[in-house]
Amino acid sequence: MVGIQAPGSGFGTLRHVTVDGASLAYREVGTGEPVVLVHGGLGDLRTWAAQLGPLGARCRVVAYSRRFARPNAPLPAGAPDPMPVHVTDLVALLRALDASPAHLVGNSWGAYVCLLTALQHPDVVRSLVLEEPPLLPLVLGPGARPRPADLARALRRRPRATLAVLGFGLRTSAPVAWAYRRGDPERALELFARGVLGRRALAAMTPERRQQMRESADTLQAEFRAGFPPVTEAELRTVRAPALLLTGERSPAVNRALGDWLADLLPSAEQVVVPGASHLVHEDAPAVVNDAVLRFVGR
């Protein structure tokens, strides 16, 4: 069910759509082919502020806040936030807004959501624009703990990506988990942001954007608690939607290595390394990203 426009604090005028009992806030601009923007774990629909106008001049653009992200209803205390729920929400949103099939544009965790949507519901996806989905299960395999056989296989096939993922685990994932266990979510958020963005990008973040990141601390912890759904090389080779992979030139090594691996797996993919950008590619280089998306969608 689509609701009437309503104000959201700090967000301007928003619309709301109810999917599976949850009200999702969204903003819609323009007409034409639907382009739906799916944010990652360090923010909400505000992350796409620099995309709405340029993309909306030629397309129908929808930016929404995923379940539990601001300004939607918050996550229940202590609950996990598994990714499959967000896949179901995205499919329901596309159908409720009559925006299917859509060009899906996702960043980080949101890019993973888009990729799983293309795998599980190919009928609602026309194309994919993916900014650094964290495909750690390609190395670590399914389950909470990596299996030695999976690690050995990944090390033989993709040594650079495997070593980068293991390094990310030691330098970022393990310290973040330790901070959460100590009851220090602020420290966990800072460690996570440094690990996925890099020190330089984190230091350059504006106070306003840092505040948005802090407002996402609860959902980030819930995503961390839930972990990543498994995905395999064989599954990724079955994705038929054309894909544009955007990788930040200054992103940490693990993001770049996994992006190269994904480019080799998807049957119809092109990869663009965005100069001067880190993990929040569309925020760091909006003009480059907007032009790349419009050219890709136009084809």
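General remarks:
- So residue 159, is it within 22 Å of residue 237 (Cβ to Cβ) and of a type outside the set (Lys, Arg): yes
- Leading residue by the ranking (nearest to residue 293 (Cα to Cα)) among those in the range 85-108 that are among the hydrophobic types (A, V, I, L, M, F, W, C) and part of a strand (DSSP E or B): 105
- Take the conditions (1) of a type in the set (Gly, Ala, Ser); (2) surrounded by 15 or more Cβ atoms within 10 Å (Cβ to Cβ); (3) out of contact with any strand residue (DSSP E or B) (no Cβ under 9 Å at 6 or more places or on another chain); residue 174 misses just one of them, which is (2).
- Condition check for residue 241: surrounded by 18 or more Cβ atoms within 10 Å (Cβ to Cβ) and not polar (S, T, N, Q): yes
- The condition of being within 13 Å of residue 201 (Cα to Cα), in contact with a Gly (Cβ under 7 Å, 6 or more places away or on another chain) and surrounded by 16 or more Cβ atoms within 10 Å (Cβ to Cβ) holds for only one of 281, 274, that being 281.
- Flag for residue 143 being over 27 Å from residue 292 (Cα atoms) and modelled with pLDDT of 95 or more: no
- When each of 101, 146, 76, 84 is tested for being without any contact (Cβ under 8 Å) to a residue 24 or more places away in the chain and farther than 23 Å from residue 172 by Cβ, the lone residue that passes is 76.
- Enumerated strands (runs of 3 or more DSSP E) restricted to the range 8-79, each holding at least 2 residues that are farther than 20 Å from residue 132 by Cα and either modelled with pLDDT of 95 or more or not basic (Lys, Arg) (or both): 12-19, 22-29, 60-64
- Inside the range 194-245, residues that are in contact with a Leu (Cβ under 6 Å, 6 or more places away or on another chain) and of a type in the set (Lys, Arg) make up a count of 2.
Each row is one residue, and each column tells you yes or no for (1) under 17 Å from residue 284 (Cα atoms); (2) surrounded by fewer than 18 Cβ atoms within 10 Å (Cβ to Cβ); (3) out of contact with any helix residue (DSSP H, G or I) (no Cβ under 8 Å at 6 or more places or on another chain).
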{"position": "27", "(1), (2), (3)": "no, no, no"}
{"position": "32", "(1), (2), (3)": "no, yes, yes"}
{"position": "40", "(1), (2), (3)": "yes, no, no"}
{"position": "58", "(1), (2), (3)": "no, yes, no"}
{"position": "71", "(1), (2), (3)": "no, no, yes"}
{"position": "75", "(1), (2), (3)": "no, yes, no"}
{"position": "106", "(1), (2), (3)": "yes, no, no"}
{"position": "109", "(1), (2), (3)": "no, no, no"}
{"position": "129", "(1), (2), (3)": "yes, no, no"}
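- Meets criteria (assigned to a loop (DSSP other than H, G, I, E, B), β-branched (Val, Ile, Thr) and crowded, with 19+ Cβ neighbours inside 10 Å) for residue 254: no
For every residue, the table says whether it meets (1) among the aliphatic types (A, V, I, L, M); (2) in contact with a strand residue (DSSP E or B) (Cβ under 6 Å, 6 or more places away or on another chain); (3) part of a helix (DSSP H, G or I); (4) touching a residue at least 12 places away in the same chain (Cβ under 8 Å).
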site: 212; (1), (2), (3), (4): no, no, yes, yes
site: 218; (1), (2), (3), (4): no, no, yes, yes
site: 223; (1), (2), (3), (4): no, no, yes, yes
site: 231; (1), (2), (3), (4): yes, no, no, yes
site: 245; (1), (2), (3), (4): yes, yes, no, yes
site: 250; (1), (2), (3), (4): no, no, no, yes
site: 276; (1), (2), (3), (4): no, no, no, yes
site: 290; (1), (2), (3), (4): no, no, yes, yes
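- Any hit, the range 81-93, residues being modelled with pLDDT under 95 and not aromatic (Phe, Trp, Tyr): yes
- Only one entry in 161, 188 is more than 30 Å from residue 293 (Cα to Cα), buried (at least 17 other Cβ atoms within 10 Å of the Cβ) and at pLDDT 95 or above, namely 188.
The values are calculated or read from the model by the stated rules, or taken from the named source; none is laboratory data. Predicted model, so just to flag it, every value in this text is computed and none were measured. Positions of Cβ are backbone-derived with ideal geometry, glycine not excepted, and every protein chain shown enters the neighbour counts.
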